[in-house]
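The structure appears below as structure tokens.
The values are calculated or read from the model by the stated rules, or taken from the named source; none is laboratory data. Because the structure is predicted, anything quoted here is derived from the model rather than measured. Ideal geometry is used to build each Cβ from the backbone, glycine not excepted, and the neighbour counts take in all protein chains shown. Only protein heavy atoms, including side chains, enter the accessible area calculation; ligands, DNA and RNA are left aside. Shrake-Rupley method; radii C 1.70, N 1.55, O 1.52, S 1.80 Å.
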Amino acid sequence: NFSRWFPAGRCVFLAPTKPLVHQQVGAVRKSVGLPRELCAELTGQMAAEDRRRVWRFARFLFLTAQTFVNDLKTGVCPGEDVVCLVVDEAHKATSNHSYVQAARLLGRRSAGFRVLALSATPGSNAERMQE
């Protein structure tokens, strides 16, 4: 629905490792039926200018939180265009983890975005889940 509600918006999927990022791309494309040309898998091994070009055309971007943080800090990512942030293994998002850094940086550059936090291993109690 986000692609219909925000025709120019971008949805960013974060995972803690490159193999999980790669797995996400396939799973999301298969389950949602997203066209290949709207999706992109970004890694820190790509040159910044190459990532900048990808940010211009892709609507659904899959990357590690650290790469996203770097792209936000350097202006490679147009943070103002991100309308949805999907965080896989969100139970890792505590303290100064790169997930937390990503959300804070995006909050400074975006007029508003939604967060979908996914976890198969939530905290053992309410206090831990709120952390």
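Hey, any idea what % of the range 1-49's accessible area is carbon plus sulfur with a 1.4 Å probe?
Details: 1830 of 3080 Å².
Carbon-and-sulfur percentage of accessible area, whole number: 59.
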Open item on the list: Taking 10 °C and 1.306 mPa s as the conditions, I'd like the Stokes-Einstein D for the range 19-72 in µm²/s, using the Kirkwood hydrodynamic radius from alpha carbon pairs.
Closed with: 139
Task: Mean Cβ neighbour count within 10 Å, used as a protection proxy, ranking 13-21, 73-81 highest first - done: 13-21, 73-81
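Kirkwood Rh over alpha-carbon pairs of the chain, then Stokes-Einstein at 25 °C and 0.890 mPa s: what D in µm² s⁻¹, rounded to an integer?
Estimated diffusion coefficient is 164 µm²/s.
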Task: In degrees, nearest ten, helix 48-57 long axis to first principal axis of the chain (Cα) - done: 80
- [ ] Quick one: which residues, 5+ away or cross-chain, put their amide H under 5 Å from the amide H of V86? H built at 1.01 Å from N.
- [x] V12, F13, L14, L116
Open item on the list: What distance in nm lies between label points placed 7 Å from Cα along the C-beta direction at A48 and A27?
Closed with: 3.2
